[in-house]
Amino acid sequence: MLKTAVQEQLLPGDTLQAKWDFAQQAGYDAVELRGKGDLHFASRLDELKQAAKDGVVMPTVCVDMLHFLGAFDEDLRRDAVAQMKSQLTVIAEIGGVGAQTPASYGMFSRRLPPFEPPRTEEEDREVLLAGLTELGEHARKEGVTLFLEPLNRYEDHMVNRLEQAADLIRATGLDSIRIGIDSYHMNIEETDPAAAILAHADVIGHAQVSDSNRFQPGAGHLDWPAWLGALHTIGYDGHLALECRLTGDPVEAVRSVPAFLKRSGA
């Protein structure tokens, strides 16, 4: 059974309860939260606990910070790891499943000048394995999962494809780390997105959706039957979380997605 979620910032309403009312009416099964830095997500704990008590389904949180576990600066790396630990703890406290983060975002791209990053690939790998291992062990202690999201080559120079994320995850030896796939990034980086899903089925734990142009599913040219069919084949039973920009009337755009995905995945 296909389950959909929608990120909280895309929903109309001033409270999570109001957003959840709209989400349910539109056909969504859950709300995906956004976790900002400076321990902002932890500061929302009372709000989140009340929302959970009121029946809002919030299985995952997606990071929304300025720096990440793969940062070049050691202090920024330490802060990012501390922030992610806090988000993992909070999502566990409200009965969620896990937290999603990329290795970095907007830090460097080999596709833009100066083309060569200040760290070698070996140093990148060392930094990422250290951060992932620390976060994965924390996630295991909290009983939740860390989802590592590969981003496209213009947004991150280290982890772009599922195979790269899978290699890092397997190297940690931790079951508490899984890949958080994103249809938009896969459309850019994977030669065959459906085949990539099948090849790395054992380490896929979460899925985010947007179309080839970063707008809502149905607004671009992504092969949704193939992509969704691959997830069905591997027995993926998590949510498909809407993370996108919106084109057209924003309310109607959000409202259109569950029905579109169900049609495409039939």
The stretch 1-85 - Rg over Rh from alpha carbon coordinates, Kirkwood radius:
1.05
Pairs beyond 21 Å (Cα-Cα), from 19/141; 3/262; 3/85; 53/141; 19/85
19/141; 3/85; 53/141; 19/85
Compactness summary of the stretch 57-120: radius of gyration and Dmax from Cα atoms, Å, are 14.2, 44
Cα convex hull of the chain: how many Å³ per residue?
121 Å³
Cα-based Rg of the stretch 96-137 per 2.2 N^0.38 Å, rounded to two decimals?
1.43
Take the Cα atoms of the stretch 82-151, find their three principal axes, and give me the spread along each one in whole Å, biggest first.
44, 19, 17
Could you state the per residue volume, in Å³, of the convex hull enclosing the Cα atoms of the stretch 122-191?
83 Å³
Probe of 1.4 angstrom, ligands and nucleic acids ignored: what's the accessible area per residue over the chain, in square angstrom?
44 Å²
Provide the packing ranking of 231-237, 17-23, 88-94, i.e. peptides ordered by the mean count of other C-beta atoms within 10 Å per residue, highest first.
88-94, 17-23, 231-237
Dividing the alpha-carbon Rg of the stretch 40-164 by 2.2 N^0.38 Å yields what?
1.13
Suppose every Lys and Arg Cβ carries +1 and every Asp and Glu Cβ carries -1, with no other charges. What dipole size does the stretch 22-172 come out with about its Cα centre, to the nearest 20 debye?
280 debye
For the chain, what's the relative contact order in percent, using C-alpha pairs closer than 8 Å and at least 6 residues apart?
18 percent
Give, in nm to one decimal, the length gained when the segment between residue 119 and residue 72 is fully stretched (0.36 nm per residue of separation minus the Cα-Cα distance).
16.1 nm
Rounded percent of accessible protein surface that carbon and sulfur make up, the chain, 1.4 Å probe
49 percent
Can I get the semi-axes of the stretch 177-218's equivalent ellipsoid? Compute them from the C-alpha gyration tensor as square roots of 5 times the eigenvalues, in angstrom, largest first.
18, 12, 7
Given the C-alpha centroids of the stretch 71-96 and the stretch 242-266, what is the distance between them in whole angstrom?
30 Å
Rg(Cα) / (2.2 N^0.38 Å) computed for the stretch 197-265, rounded to two decimals
1.11
Considering Cα pairs under 8 angstrom that are at least six residues apart, work out the relative contact order of the stretch 1-151 and quote it in whole percent.
21 percent
Could the peptides 38-45, 106-113, 164-171 be put in order, highest first, of the mean number of other beta-carbon atoms found within 10 Å of their residues?
164-171, 38-45, 106-113
May I ask for the Kirkwood hydrodynamic radius of the stretch 139-253, worked out over all distinct Cα pairs and given in angstroms to one decimal?
14.6 Å
Between residue 214 and residue 129, what FRET efficiency comes out of the Förster formula 1/(1 + (r/R0)^6) with R0 = 25 Å and r the beta carbon distance, rounded to 0.05?
0.25
Label-point separation, residue 141 to residue 111 (7 Å along Cα→Cβ), nm:
3.8 nm
With just the Cα atoms defining each centre, how far is the stretch 186-217 from the stretch 12-38? Give it in Å.
23 Å
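The values are calculated or read from the model by the stated rules, or taken from the named source; none is laboratory data. Computed from a predicted structure; not experimentally measured. Note that each Cβ is placed from the backbone with ideal geometry, even for glycine, and that neighbours are counted across all protein chains shown. Heavy atoms of the whole protein, side chains included, go into the accessibility calculation; ligands, DNA and RNA do not. Shrake-Rupley method; radii C 1.70, N 1.55, O 1.52, S 1.80 Å.
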